[in-house]
Structures are given as C-alpha cells and as structure tokens.
Amino acid sequence: MKIKIFAIISVLFFISCGKGKETYQASGVFEATEVMVSSEVNGKILSFDIQEGQQISIGNEYGLIDTIQLYLKRQQLLYGIEAMGGRSIDVNTQIAALEEQITKLKIEKLRVETLIQKNAANTKQLDDINSNIAVLEKQLKAQKSSFEKGNKSIGSEEASLRAQVLQINDQLNKCRITSPINGTVIMKYSEKGEIASIGKPLFKVADMDNMILRIYITSSELSKIKLGQEVKIFADFGENRKEYKGKVSWISSKAEFTPKSVYVKDDRDNLVYAVKVSVKNDGYLKIGMFADVNL
C-alpha cells in the first residue's frame, strides 16, 4: 500500500480587518489519501470489474488473478497430508500383544510366589519368570520408543505440509483484487486479460470523503493555531466560493524552507511550518482544488 500526496501550492498573506487588526489568510490545495493497489501475485487477470470514478468498499472483491496452478499445488499438498494419516502408527495396538504377555507372566509370578511360600515350587521357576518379564519389558520399551519416533517424524512432515497449505491459501487470497480502503477509483492501470506481476500497479483509490487542505505558516503565526482548532475554509469554485468547516489535524514539528510557490509577508521568514486541515467532503470538493483558510 502506497500513499502518494499531491504537491501543494500554498500562499500565506496578510489581510487587514477593522481597527487595524490583522488576520492571516492561508491558501492551499486540497489533497486526499491515495493508495496505489498493486498485484501481490503473478498470473493472468481473469476479471477486473472497476472503472475510474467508481466508489469501492474495503474488502470487496473487484477482480481475480488466475489461481489454477496454486489450486493444483494445494490439492497435491492435501493428498500428501491424507497419505500421512495412513502412515501413522497406532502405538497402543502395536504393543498390545507384548503388554498382554507381560501381564500373564506377572500373574504367573504371583502364583509361583504363593507356591514357594508353601514349598510347592522352587525359586528357579520364579527366576525364569522374572527374567522373561525383564526381556519383554525391554522389548516393549524399545518398540514403544521406535513407534513414537516414527509418529513424531510423520507428524513433523504433516505439519510442514499443512504450513505449505496455509501459504498457498494466503497466495490464493492475494489473487482476489480488493480495495484496502473505502474510496473512489481515480486511476486504473490494468485490464482483464493482461498479465499481472508482483508489484505491478492495478489501480489507485483515494479517500474522497475526508479531504485535507495543506497550508504553511510562519513561526510568528504558530501561536494562532493549535491541534483540534476549528477553522473556516472557503473553497474556490471559479467565480463562486463555498464555505466549509475544517479542523486542524496536524502541525509539523519542524520548520522547512519556504517552498518557491509560497509567499509570506516578510522575505526574512524563509522557514515555515506545514499544517493539515481536515475537511469533510460533501461531494463537491476535488483533489487539486484551491481554498483559503482564515487564521
């Protein structure tokens, strides 16, 4: 998203009021926040239904860039994920037989221990059972570890594929041509059937509902203006002028050399401060239109 601000021609001059009281009148040109919308993917533009001057809304889809290759790649990844599920090992099922053998041996151990207490069995039988239990438990531990490592590896591969699917989904979403702001299309750079590439401009949209008048004031006049201050604006419609209400929305924190197009009362005032005045547009204000502000 790129914001481009129109160059402003601003004039600052004195006018005299009753009883010698002087008031500054600053002149400037209206500008608007502009966004250059560029393609984020490569591909053929399949549809692009906007026209210059059209009102568009944030998030709405106004065109589509070819998604076939991305769609096919996503399907391939999804099939891979499905196959991963079939490779996953049910550890409990695989070790169930060993666990059953160990359980039976432990029951037999208890029986033999009872017989030994009654002098009806010898200790060698018990030693053999303990030895068999130890061997089986070692095998069980090894198998369980092997199966869990295998599942972990499969899980990592599946997670990688799912991450790639998310990337593809993001790219597919970027194939939709949308507007990042509510506004008016002021320039269209591409058409249906053309090839879009990453960074190629598609259209430019401007927020025409909220206009900005940029003016310049000298350091001696800074005390006359503050943030949030309401001012009267007189827009120039040729021979006619129309009054609007504006509000000071920004005052530069540092001075700059007076632009060549700016006139000040004293040639020694070669440093000025830029000021932005926000104005609600009633539909008549246009970018580049002149207006005056009384301070």
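The values are calculated or read from the model by the stated rules, or taken from the named source; none is laboratory data. Note that the coordinates shown come from a computational prediction; the quantities given were computed from them, not determined experimentally. Positions of Cβ are generated from backbone atoms using ideal geometry, with glycine treated the same way; all protein chains shown enter the neighbour counts.
Okay, here's what the table says:
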quantity	calculated
Qualifying position, being surrounded by 14 or more Cβ atoms within 10 Å (Cβ to Cβ), within 58 Å of the chain's Cα centre (by Cα) and among the acidic types (D, E), among E100, E113, E108, E137	E137
Test result for S156, under 19 Å from I95 (Cβ atoms), without any contact (Cβ under 8 Å) to a residue 24 or more places away in the chain and in the same structural domain as G80 (by TED's automatic domain parsing)	no
Extreme residue, surrounded by the most Cβ atoms within 10 Å (Cβ to Cβ), among residues of the stretch 116-134 that are of a type outside the set (D, E, K, R) and not in a helix (DSSP H, G or I)	A121
Test: V112 is out of contact with any His (no Cβ under 9 Å at 6 or more places or on another chain), assigned to a helix (DSSP H, G or I) and touching a residue at least 12 places away in the same chain (Cβ under 8 Å)	yes
Single residue of L227, L202 found to be exposed (fewer than 14 other Cβ atoms within 10 Å of the Cβ) and either modelled with pLDDT under 95 or not hydroxyl-bearing (S, T, Y) (or both)	L227
Selection status of I58, free of Cβ contacts under 8 Å to residues at least 12 places away in the same chain and surrounded by fewer than 17 Cβ atoms within 10 Å (Cβ to Cβ)	no
Some residue of the stretch 153-168 being part of a strand (DSSP E or B), more than 25 Å from K280 (Cβ to Cβ) and modelled with pLDDT of 95 or more	no
Residue ranges of strands (runs of 3 or more DSSP E) in the stretch 5-67 with at least 1 members out of contact with any Leu (no Cβ under 7 Å at 6 or more places or on another chain) and modelled with pLDDT under 85	11-16, 22-31
Whichever residue in the stretch 234-261 is more than 39 Å from the chain's Cα centre (by Cα) and either of a type outside the set (D, E, K, R) or not assigned by TED's automatic domain parsing to the domain that holds A274 (or both) and, among such residues, is modelled with the lowest pLDDT	G238
So L140, is it part of a helix (DSSP H, G or I) and either of a type in the set (S, T, Y) or within 30 Å of Y62 (Cβ to Cβ) (or both)	no
Test for I215: is it crowded, with 16+ Cβ neighbours inside 10 Å and not hydroxyl-bearing (S, T, Y)	yes
The stretch 194-212, residues that are closer than 17 Å to G43 by Cβ and part of a loop (DSSP other than H, G, I, E, B)	E194, S197, I198, G199, K200
